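Read through the structure below, which is laid out as structure tokens, and then see the notes.
Computed from the coordinates by the stated procedures, all read-outs in this text should not be read as laboratory data. Note that the structure is a prediction, hence the values are computed from the model and not measured. Because the Cβ atoms are built from the backbone with ideal geometry, glycine has one as well, and the counts that use them run over all protein chains shown.
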Amino acid sequence: MSKIVNLRQARKQRDRAAQEADGTANAASHGRTKAERLAEDKATAKNEKHLDDHKRDKP
């Protein structure tokens, strides 16, 4: 005997798994923690200040 499968539930499970896989892929490519974002912003500001400090003034 084969197992009886509710097709509606099987379809919903398949769709949920696909959505979770898409979400995981997006989180891996776009998601960063708050600490990572702040560290990058701080490094960018430091680099910009360093470049601005080395600019020569026009007479």
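Per-residue 3J(HN,Hα) values for the stretch 35-47, derived from phi via the Karplus relation 6.51 cos²θ - 1.76 cosθ + 1.60 with θ = phi - 60°, read 4, 5, 4, 5, 5, 5, 4, 5, 5, 5, 5, 5, 5 Hz in sequence order (x marks Gly and Pro). Taking the alpha carbon gyration tensor of the chain, multiplying each eigenvalue by 5 and rooting it gives semi-axes of 56, 9, 6 Å, largest first.
Taking the Cα centre of the chain as origin, work out the dipole magnitude from +1 charges on Lys and Arg Cβ and -1 charges on Asp and Glu Cβ, in debye rounded to 20.
Details: 15 positive and 10 negative charges, 82 e Å.
My answer is approximately 400 debye.
Relative to the longest principal axis of the Cα atoms of the chain, helix 7-30 runs at roughly 10 degrees. For the chain, lysine pairs with C-alpha atoms less than 25 angstrom apart, excluding pairs fewer than eight positions apart on the same chain, total 8.
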